Amino acid sequence: MTEASAHFDEAEGALIVSGVWHADAAPALPRLAGKSVRILDGAGVTQLDTNGAWLLLAAACPHASDPMPELRAFQPQQLAMFNLVAQHRADTAAQPVPRSEGVLALTGRGSIAVWGHVVGLLDFVGRLFFELAALMGNPGRWRWREFGAQVSTVFVGAIPIVIGMLFLLGVVFAYLLGSQAQQYGANIFVIDGLLLAILREVSPIIVAVLVAGRTGAAITAQIGTMKVTEEIDAITTLGLSPLAVLVIPRILALLLALPLLVFIGDIAGMAGGMLVTQQQLDISYSMFMDRVADVLDLKTLLVGLGKAPVFAIFIALIACRMGLTVTRDARSVGANTTSTVVQSLVAIIILNAIFAIMFVKLDI
């Protein structure tokens, strides 16, 4: 078998090659820097594969936009191989170069994505409404066992982290308020500010954020994994509705669990504040509870508890919808789980802002 060899004829501008041209024939090519190859002569070529054809074309026309040299004395099958390689080189060169997007382009792309999520959520709510109407007419289809399992997971499993987080936040708020109140001798009013902050704003927001990150992400991952493993297709094949089996029990579980978790968070935050006021401001526990009984307005408690069901509905809708829109690959499960957390947090912030404005307008 003749080894590959090549030399350049400057008078004719021809690259004359011979021997066997495979992938390991690259060292046989001469240096052609600054030289124009007009003819590629293959009279002595005994074997040629696509790797060899690519090497010869790359040497004769380094850039895909360079004109093809004249192919001389090649066999028909070798010419067909050159044409195939040249076509693929042209297709590769024709691919557009990625361009960095400007602020307007990124804003437009983001707006389209947000609008798509809004439309998708509205469509999901519509289909869920019809499924609920069908369940109302047939109570035997309610999945009570699944509902109980979800309540155990969503509510019972979240109690320790809710208590720990709100207790520490109560400590922080009482300490910050107390350090300022001591300067004016208004120690007792720390309790007023603590109750207003914890019950009305901090507890509902923090609990909703914790549930969105813990339960919302888990719901999306569970339903998404079931879709990847075709379990949802199996549910449909059995004549059951995935909305009735998977979505509605989770929505009802969150709707029940979140207000209870907010109430537990209220108690934990007050306990943390009570501890700090006793240590820092010398307010006894009995004095703290007497002040709570004097200043605690039922309206303040109900405002915080009233936000919880709204947060729960939006977290559940977003989490279940993103789980059902997972495509059949693991990467989509991760992307949709992340999207669930982001969408839920944005929804919580927007809803809380709407509540704040509404309560001010209504003087609540």
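Quick notes on this one:
- Arg109 being in contact with a helix residue (DSSP H, G or I) (Cβ under 6 Å, 6 or more places away or on another chain) and either modelled with pLDDT under 80 or not β-branched (Val, Ile, Thr) (or both): no
- Top-ranked residue of region 153-164 - restricted to ones that are buried (at least 19 other Cβ atoms within 10 Å of the Cβ) and not small (Gly, Ala, Ser), ranked as modelled with the highest pLDDT: Val162
- Filter result for Met274 (closer than 25 Å to Leu168 by Cα and either touching a strand residue (DSSP E or B) at 6+ places or on another chain (Cβ under 7 Å) or surrounded by fewer than 19 Cβ atoms within 10 Å (Cβ to Cβ) (or both)): no
- Residue check for Thr337: open to solvent by less than 50 Å² (accessible area, probe 1.4 Å) and either in contact with a Phe, Trp or Tyr (Cβ under 6 Å, 6 or more places away or on another chain) or more than 17 Å from Val209 (Cα to Cα) (or both): no
- Being in contact (Cβ under 8 Å) with a residue 12 or more places away in the chain and over 38 Å from the mean Cα position of the chain (by Cα) is a condition met by no residue of region 299-315.
- Subset of region 21-68 [part of a loop (DSSP other than H, G, I, E, B), open to solvent by less than 80 Å² (accessible area, probe 1.4 Å) and of a type in the set (D, E, K, R)]: Asp49, Asp66
- Going through (1) open to solvent by 50 Å² or more (accessible area, probe 1.4 Å); (2) more than 21 Å from Val154 (Cβ to Cβ); (3) not in a loop (DSSP other than H, G, I, E, B) one by one, Asp282 falls short only on (3).
- The residue pairs whose first member lies in region 1-14 and is of a type in the set (Gly, Ala, Ser) and at pLDDT below 80, whose second member is surrounded by 11 or more Cβ atoms within 10 Å (Cβ to Cβ) and not in a strand (DSSP E or B), and whose beta carbons are closer than 9 Å, counting only pairs six or more residues apart or on different chains, are Gly13/Lys35; Gly13/Ser36; Gly13/Val37; Gly13/Arg38; Gly13/Pro69.
- Residue check for Leu106: out of contact with any Pro (no Cβ under 8 Å at 6 or more places or on another chain) and touching a residue at least 12 places away in the same chain (Cβ under 8 Å): no
- Among the residues making up region 116-143, those that are assigned to a helix (DSSP H, G or I), closer than 18 Å to Cys320 by Cα and open to solvent by 50 Å² or more (accessible area, probe 1.4 Å) are His117, Val118, Val119, Leu122, Asp123, Val125, Arg127, Phe129, Phe130, Leu132.
- Those helices (runs of 4 or more DSSP H) lying entirely in region 177-265 with at least 1 residues open to solvent by 30 Å² or more (accessible area, probe 1.4 Å), modelled with pLDDT under 90 and among the hydrophobic types (A, V, I, L, M, F, W, C): 189-197, 217-228, 231-237
- Close pairs (6 angstrom Cβ cut-off, 6 or more residues apart or separate chains): closer than 21 Å to Pro67 by Cα and basic (Lys, Arg) in region 24-44, open to solvent by less than 40 Å² (accessible area, probe 1.4 Å) and part of a loop (DSSP other than H, G, I, E, B) anywhere: Arg38/Gly13; Arg38/Pro69
- Scanning region 185-214 for residues that are over 24 Å from Leu302 (Cβ atoms) and of a type outside the set (A, V, I, L, M) turns up Gly185, Asn187, Gly213, Arg214.
- Scanning region 328-350 for residues that are modelled with pLDDT of 90 or more, in contact with a helix residue (DSSP H, G or I) (Cβ under 7 Å, 6 or more places away or on another chain) and of a type in the set (A, V, I, L, M) returns Val341, Leu345, Ala347, Ile348.
- The numbered conditions (1) assigned to a helix (DSSP H, G or I); (2) over 14 Å from Ile163 (Cβ atoms) are all true for Leu275 except (2).
Here is a yes/no grid of residues against (1) closer than 17 Å to Pro259 by Cα; (2) basic (Lys, Arg):
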residue: Val310; (1), (2): yes, no
residue: Ile313; (1), (2): yes, no
residue: Cys320; (1), (2): no, no
residue: Arg331; (1), (2): no, yes
residue: Thr337; (1), (2): no, no
residue: Thr340; (1), (2): no, no
residue: Ile348; (1), (2): yes, no
residue: Asn352; (1), (2): yes, no
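- Checking Ala208 against (1) in contact with a Phe, Trp or Tyr (Cβ under 8 Å, 6 or more places away or on another chain); (2) without any contact (Cβ under 8 Å) to a residue 12 or more places away in the chain, the condition it does not meet: (2)
The values are calculated or read from the model by the stated rules, or taken from the named source; none is laboratory data. Keep in mind it's a predicted model, so treat the numbers as computed, not measured. Cβ: placed from backbone, ideal geometry, glycine included. Neighbour counts: every protein chain shown. SASA here: full protein model, heavy atoms, side chains in, ligands and nucleic acids out. Shrake-Rupley method; radii C 1.70, N 1.55, O 1.52, S 1.80 Å.
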